[in-house]
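Worksheet: one structure, shown below.
Please treat every number below as a calculation from the coordinates, not as lab data. Since we're looking at a predicted model, the values are computed, not measured. Cβ coordinates were reconstructed from backbone atoms using ideal geometry, including for glycine residues, and neighbour counts include every protein chain displayed.
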Amino acid sequence: MYPLGKKSPSLTILRPAKGFTLVEILVALILVGIIGTMIASAAKQGILTSQALLDQGSNRSKAIVLRRILHRDIHHMLWQSKLEAHSRGFQIKTGHNLLLNSSYPAVVTWIFNPPNVLRREEISALDYVLEQKLISDMTSCNLALMSARDRQWVNLKSLIMNPEQPRAVALRLRLHVDGWNALDIIERLPVYGPQAQPSKSQGGNVAVQKKEPGQRLAVLWW
């Protein structure tokens, strides 16, 4: 009891300070972690997709370059020369070279040695040798030549085992490269001169294309 005329002391009610509880903080941390994981996963997927597109574009560019160089090498084969097969590829004499802006005789060797596809260009008169690595991730290769004698595709190993390599009239190349679809290239080899004419027993169609005076006579048969 308090004396008359005096007020009793006021009662102070304690209230918790404003802020977050431990449970609220834990929930917030869990949500932040989930959102961060989702963002990181989406970013990683985007990077992988972008890299795949870049690799696909790069692979397509490599395939175009390889096909173009091979076509020019074969298209400019020297007069009365022939393709010579070896254990890892083939060699030709061609007027196409990467040194000069004009045609100049060169010995070009294509080497298919997994995982690499190499092209070696040599001009002995100029003491010049250039070796290029066109593909560095090849898994397998199948190279076949069409024999002018029996018109059948002969794989490289069988051709090398034959001591008398028959003249080839076409080349078929199939490359398997990581990240690519199979790359198929078929090139018809130029056949010049009377020695390329088939005998009557072989049959076949013969097209004789006469050039301007002073130029060579091309005999193509199929």
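Computed quantities for the displayed model
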| item | result |
| --- | --- |
| Yes/no for Arg119 being crowded, with 18+ Cβ neighbours inside 10 Å, within 21 Å of the chain's Cα centre (by Cα), more than 18 Å from Val154 (Cα to Cα) and among the basic types (Lys, Arg) | yes |
| Of residues in segment 81-116 being in contact (Cβ under 8 Å) with a residue 24 or more places away in the chain and aromatic (Phe, Trp, Tyr), the one surrounded by the fewest Cβ atoms within 10 Å (Cβ to Cβ) | Phe112 |
| Of residues in segment 171-192 being aliphatic (A, V, I, L, M), buried (at least 18 other Cβ atoms within 10 Å of the Cβ) and under 20 Å from Val117 (Cα atoms), the one farthest from the chain's Cα centre (by Cα) | Leu171 |
